[in-house]
Amino acid sequence: MKFFSKRGQKQTGNLFPGFQYKSEQIIRFLQSGYTFTILLDNGKIIHHQPKDVNAFGAWLMAHHVPNILHSA
């Protein structure tokens, strides 16, 4: 059972290299420096420091994952 539902368009099965969660499992994120704080659909909050911060941020945006700072 999903804890939260993600707003916007869902993608299917997309993984970022070195990150174990699919894009559709991510509800929202917040970036602070090199660290991403991520809310998953099961209610768990995780922290991720990707090797390529810009590519990871672009991947999140390409999959319509809302940034907490830019959500209404």
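The values are calculated or read from the model by the stated rules, or taken from the named source; none is laboratory data. No experiment lies behind these values; they were computed from the predicted model shown. Heads up, the Cβs are rebuilt from the backbone with ideal geometry, glycines too, and the neighbour counts pull from every protein chain shown.
Annotations for the structure displayed:
- The lone criterion from (1) at pLDDT 95 or above; (2) touching a Gly at 6+ places or on another chain (Cβ under 6 Å) left unmet by residue 54 is number (2).
- Subset tally (residues that are of a type outside the set (Phe, Trp, Tyr) and farther than 19 Å from residue 70 by Cβ) for segment 11-39: 10
Residues checked against (1) surrounded by fewer than 12 Cβ atoms within 10 Å (Cβ to Cβ); (2) at pLDDT 95 or above:
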site	(1), (2)
2	no, no
33	yes, yes
45	yes, yes
58	no, yes
65	no, yes
70	yes, no
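- Listed conditions (1) in contact with a helix residue (DSSP H, G or I) (Cβ under 7 Å, 6 or more places away or on another chain); (2) modelled with pLDDT of 95 or more; (3) surrounded by 14 or more Cβ atoms within 10 Å (Cβ to Cβ) are all met by residue 11, apart from (2).
- For beta carbons closer than 7 Å, sequence separation of 6+ or different chains, a first residue in segment 23-35 that is at negative phi and part of a helix (DSSP H, G or I) and a second that is at pLDDT 95 or above and not charged (D, E, K, R), the qualifying pairs are 23/63; 23/65; 25/40.
- Filter result (closer than 17 Å to residue 18 by Cβ and in contact (Cβ under 8 Å) with a residue 12 or more places away in the chain) within segment 56-72: 56, 57, 59, 60, 63, 65
- Condition met for residue 6 (modelled with pLDDT under 95 and touching a His at 6+ places or on another chain (Cβ under 9 Å)): yes
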